[in-house]
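The values are calculated or read from the model by the stated rules, or taken from the named source; none is laboratory data. Values in this document were obtained by computation on a predicted structure and should not be read as measured data. All Cβ positions, glycine included, derive from the backbone under ideal geometry; neighbour counts span all protein chains shown. We work out accessible area using only protein heavy atoms, side chains counted, and drop any ligands, DNA or RNA first. Shrake-Rupley method; radii C 1.70, N 1.55, O 1.52, S 1.80 Å.
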Amino acid sequence: MGINITYDVVKKKAGDGAVGRPHVAETMIEEGYVYSYHEAFEKYLGFEKAAYVPKIKISPERAINMIKNAGGIPFLAIPVLELKKKLFLSF
């Protein structure tokens with residue numbers, strides 16, 4: 001696509017947070033590849049655009065297995081929300 005930016009530069013934008021498309025867009029602006037966030041998303045980063053990468057979705061069961069296989073301990077972070085959802089859906 002003719003855009004030469006590095007992951008290290010993009011990662012710096014995110015700091016301690018997760019790297020996302022806004023960080024890529026900001027780098028593209030700073031490097032002069034696009035003039036605005038809108039242009040970055042419209043041409044490259046938006047849904048089904050040239051550099052769009054869909055999120056990987058996995059089932060809870062697969063996630064639990066992956067955590068266990070890596071030696072981790074899976075747990076439900078906010079079980080109250082799941083309980084409320086189940087109670088609401090059962091009526």
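Things worth noting here:
- Annotation note: Cβ proximity below 6 Å between a residue of region 53-76 that is at pLDDT below 95 and open to solvent by less than 90 Å² (accessible area, probe 1.4 Å) and a residue that is part of a helix (DSSP H, G or I) and not small (G, A, S) (sequence gap 6+ or interchain) occurs for P74/I64; P74/I67.
- If only residues of region 10-25 that are open to solvent by less than 60 Å² (accessible area, probe 1.4 Å) and either assigned to a helix (DSSP H, G or I) or among the aromatic types (F, W, Y) (or both) are counted, the one that is modelled with the lowest pLDDT is A14.
- Within region 3-28, considering residues that are among the basic types (K, R) and under 15 Å from the mean Cα position of the chain (by Cα), the one farthest from P54 (Cα to Cα): K13
- Subset of region 26-35 [surrounded by fewer than 14 Cβ atoms within 10 Å (Cβ to Cβ) and outside any helix (DSSP H, G or I)]: E31, G32, Y35
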